[in-house]
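Some notes on the structure that comes next.
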Amino acid sequence: MMPRLWPMVRKEFVQMRRDRLTAGIMFGIPVIQLLLFGYAIQTDVRNIPTVVLDESRTPASRDIIAAFQNTGNFRIVKHVNGRPELDAAIARGDAQAAIVVPEDYPRDLARHRTATVQVIVDASDPLASQAALAAAAGVAQARNLAMLAAEARRTTLPVEVRIRPRYNPGLRNPVYTVPGLVAVILTLTMVVIMSMAIARERERGTLEQLIVTPITRTELMLGKIAPYIGVGLFQMTAVLLLGRFVFDVPLTGSVVTLYAIALLFIVASLAFGLFISTLVRNQQQAMQVSFFYILPNILLSGFMFPRQAMPVFFQWISLALPITHFLKVLRGILLKGVGLEALWRETAILAGFSVLLIALAVRRFHKTLD
């Protein structure tokens with residue numbers, strides 16, 4: 001029965017064994033997906049970085065702060081001395097929540113008035129902010145039940161937690177997702193297109209013509225990248241305009257600063273795609289490796305799931321991805337209106353990625369020619 005079938009099947013297995021890159025990706029991607037979805041992807045956000053402004057500095061104020069910390073949702077990273085320092089910490093992204101205990105908090109409790117505590121939440125990340133909002137409401141409810149049980153004659157609520165979401169008070173998903181889509185679309189298109197550059201030249205037989213020209217390796221790499229920088233900036237402009245006029249996504253910061261930092265990210269993405277192109281032999285392999293790289297970018301960068309909900313190991317891995325830092329830039333400028341004074345670290349990291357990846361692509365191209 002079909003005597004020529006089994007030789008064909010055997011031939012395909014032999015071919016699969018020879019193409020080690022494709023075989024590795026086919027067997028490696030399911031394992032990586034399982035690890036990422038099983039360990040790294042968590043929607044239960046805990047340990048939200050939080051700053052505290054304790055204007056009372058009394059045992060009562062320390063007690064309510066401890067109640068927030070004991071929920072496991074708030075991780076106190078700093079005690080600040082005033083509103084400007086608190087605002088700066090949230091704007092820079094050093095904290096995603098703030099607890100403010102006013103000076104008259106213990107006095108109101110003692111006089112059986114409703115004492116207020118303010119919780120400020122960075123709502124540019126809806127998942128993290130919803131966890132903080134729910135935890136804050138839970139602290140108020142638990143504290144009120146305990147105090148009312150101890151004071152049966154009391155008719156007013158002992159504690160009121162006033163929650164103030166910032167940057168996205170309506171918790172609208174487009175405000176969160178559209179800036180992230182800018183980074184994801186640029187990563188997807190720039191890496192995939194550029195990863196096929198050298199492989200396409202090799203398949204067409206034009207790579208040898210480039211080799212014998214007097215152009216240097218660095219000039220060749222930069223010449224490959226340059227035309228697509230404009231493509232990337234055009235894509236970014238299109239997404240931002242659609243986000244602004246269709247989804248009402250704000251643009252509160254400097255457009256010039258945004259595009260200047262975006263240029264570094266685009267160059268880094270193109271350079272990485274070019275580096276992939278020097279590793280593979282054909283466009284099919286280039287496509288496979290590109291998607292192998294894009295998967296952790298989408299899952300670990302903070303585009304879909306909050307980074308602080310991930311295990312520390314995966315948070316460190318995400319720092320090695322340029323998109324993680326660019327997402328912070330996008331949301332910082334578009335939603336918070338911050339500038340280079342708050343984003344200088346991310347800008348320096350993206351510049352370092354650009355230089356490093358171009359250098360790696362040039363070096364690898366030289367090795368391939370040898």
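The values are calculated or read from the model by the stated rules, or taken from the named source; none is laboratory data. Since we're looking at a predicted model, the values are computed, not measured. Because the Cβ atoms are built from the backbone with ideal geometry, glycine has one as well, and the counts that use them run over all protein chains shown. With ligands, DNA and RNA removed, areas are computed over all heavy atoms of the protein, side chains included. Shrake-Rupley method; radii C 1.70, N 1.55, O 1.52, S 1.80 Å.
Brief remarks on what is shown
- Once the chain from Arg62 to Phe291 is taken as fully extended at 0.36 nm per residue, the excess over their C-alpha distance is 77.5 nm.
- Listed peptides 91-99, 245-253 by packing density, highest first (mean Cβ within 10 Å): 91-99, 245-253
- For region 48-152, a Kirkwood hydrodynamic radius built from all Cα pairs, placed in the Stokes-Einstein relation at 20 °C and 1.002 mPa s, yields a translational diffusion coefficient of 152 µm²/s.
- Amide H contacts under 5 Å for Phe74, placed H, 5+ residues apart: Asn47, Ile48
- Heavy atoms of Met221 accessible to a 1.4 Å probe, total area in Å² rounded to 10: 0
- The chain: DSSP helices with Cα axial extent of at least 15 Å and average Kyte-Doolittle hydropathy no lower than 1.6: 173-195, 255-279
- Dipole of region 48-152 [Lys/Arg +1, Asp/Glu -1 at C-beta], most positive-end residue of Gln141, Ala98, Leu86: Gln141
- Computed E for Leu181/Leu340 - FRET, C-beta separation, R0 25 angstrom, nearest 0.05: 0.60
- Annotation: amide H of Val159 within the under-5 Å range of Ala115, sequence separation 5 or more or interchain, hydrogens built in the peptide plane.
- When a 1.4 Å probe is rolled over the protein heavy atoms, the share of accessible surface on the chain that falls to carbon and sulfur comes to 62 percent.
- The alpha carbon centroids of region 212-231 and region 300-370 are separated by 23 Å.
- Calculated mean residue ellipticity, 222 nm, the chain: -21500 deg cm²/dmol, from DSSP H runs (n ≥ 4) at -39500 (n - 2.57) each, averaged per residue and rounded to 500.
- Peptide packing: for 263-270, 166-173, the average count of neighbouring Cβ atoms within 10 Å per residue gives the ranking 263-270, 166-173, highest mean first.
- Tail weight of P(r) past 17 Å, computed on alpha-carbon pairs of region 93-179, percent: 53
- Within-14-Å neighbourhood charge of Val80 [Cβ basis; K, R +1; D, E -1]: -1
- The mean accessible area for residues of the chain, using a 1.4 Å probe and ignoring ligands and nucleic acids, is 51 Å² per residue.
- Among Thr187, Tyr167, Leu241 the positive-end extreme of the charge dipole of the chain (Cβ point charges): Thr187
- Phi angles across region 49-55 convert, under the Karplus curve 6.51 cos²θ - 1.76 cosθ + 1.60 with θ = phi - 60°, into 3J(HN,Hα) values of x, 9, 9, 10, 10, 9, 7 Hz, Gly and Pro given as x.
- Close amide-amide hydrogen proximity is noted between Met310 and no other residue 5 or more places distant or on a separate chain, at a cut-off under 5 Å (H modeled in the peptide plane; Pro and chain starts excluded).
- One way to sum up the overall shape of the chain is the equivalent ellipsoid from its Cα gyration tensor, whose semi-axes run 51, 25, 16 Å, largest first.
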